[in-house]
Amino acid sequence: MAKTLIAFFSRADENYFAGALRYVKAGNTEIVCDLMKEMTPADTFKIEMKEPYSPDYMTCIEEAKQHLREKARPELIRYPDSIDGYDTVILAYPNYWGTIPMAVATFLERYDFTGKTILPLCTNEGSGMGGSERMIKQCAPGAEVKKGLPVNGSRAADSGGSVRRWLKENGLIYGETP
């Protein structure tokens, strides 16, 4: 039977929500991933940097911009031993400067995704998928990168309907076919 992995990067602390900053205990991307875990029998892996971004939002976005400029590949706390047993990887992340966080690039470049399907899910506050799908294709050559799902971060907790439809369209809702 085909196995699915939900690999995600998410940041709590101070975040931007529809024009205002506020502190959150769970990042928007993690909230959406928690919804997905209830809908599909997938394993999960949280992508975490060894040196995390600042809890202060303004400092964090400057750090993320610097990482992007430098094409940095921040070291992660841990890595899956292998992704060989997975046919599909749901890759979830926030939109940082129009693309994936560089920690996601670190994760992608560590493994051979040849013959695997990647389903991108990007939380954002209005910038959609940006160029993230293109970047994923660059970091994971050989993967089939399907059309991603942009989720408005401010409405992450209410995104279950659109997430379910997207998972169903991609054949990942247990017991349901597209």
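Hey, does region 7-29 have a residue that's open to solvent by less than 40 Å² (accessible area, probe 1.4 Å), among the hydroxyl-bearing types (Ser, Thr, Tyr) and either assigned to a helix (DSSP H, G or I) or touching a Gly at 6+ places or on another chain (Cβ under 8 Å) (or both)? Yes.
Select from region 116-132 the residues that are in contact with a helix residue (DSSP H, G or I) (Cβ under 8 Å, 6 or more places away or on another chain) and under 18 Å from SER154 (Cα atoms) and write down the one among them that is modelled with the lowest pLDDT. The qualifying residue modelled with the lowest pLDDT is GLU125.
I'm trying to understand the selection: among the residues of region 32-62, which are part of a helix (DSSP H, G or I), open to solvent by 20 Å² or more (accessible area, probe 1.4 Å) and touching a helix residue (DSSP H, G or I) at 6+ places or on another chain (Cβ under 7 Å)?
Restricting attention to region 32-62, the residues satisfying the condition of being part of a helix (DSSP H, G or I) are 32-39, 57-62.
Cutting the leftovers down to open to solvent by 20 Å² or more (accessible area, probe 1.4 Å) gives us 34-35, 37-39, 57-59, 61-62.
Within region 32-62, LEU35, MET39 qualify.
Can you pull out the residues in region 149-162 that are hydrophobic (A, V, I, L, M, F, W, C) and surrounded by fewer than 21 Cβ atoms within 10 Å (Cβ to Cβ)? Show your work before the answer.
Applying the first criterion (hydrophobic (A, V, I, L, M, F, W, C)) to region 149-162 yields 149, 151, 156-157.
Once the filter is applied, which keeps residues that are hydrophobic (A, V, I, L, M, F, W, C) and surrounded by fewer than 21 Cβ atoms within 10 Å (Cβ to Cβ), region 149-162 yields only ALA157.
Restricting attention to region 101-129, the residues being touching a residue at least 40 places away in the same chain (Cβ under 8 Å) and not hydroxyl-bearing (Ser, Thr, Tyr) number 7. Of the residues THR29, THR4, which single one is out of contact with any helix residue (DSSP H, G or I) (no Cβ under 7 Å at 6 or more places or on another chain), under 16 Å from ALA156 (Cα atoms) and of a type in the set (S, T, N, Q)? The conditions single out THR29. Only a single item in (1) under 22 Å from ASP13 (Cβ atoms); (2) assigned to a loop (DSSP other than H, G, I, E, B); (3) among the charged types (D, E, K, R) is not met by ARG73, and it is number (1).
Residues satisfying the criterion are absent from region 92-112 (criterion: surrounded by 20 or more Cβ atoms within 10 Å (Cβ to Cβ) and farther than 22 Å from GLU133 by Cα).
The values are calculated or read from the model by the stated rules, or taken from the named source; none is laboratory data. As the structure is a prediction and not an experimental result, all values here were calculated from the model. Every residue, glycine among them, receives a Cβ derived from its backbone with ideal geometry; neighbour counts consider all protein chains shown. With ligands, DNA and RNA removed, areas are computed over all heavy atoms of the protein, side chains included. Shrake-Rupley method; radii C 1.70, N 1.55, O 1.52, S 1.80 Å.
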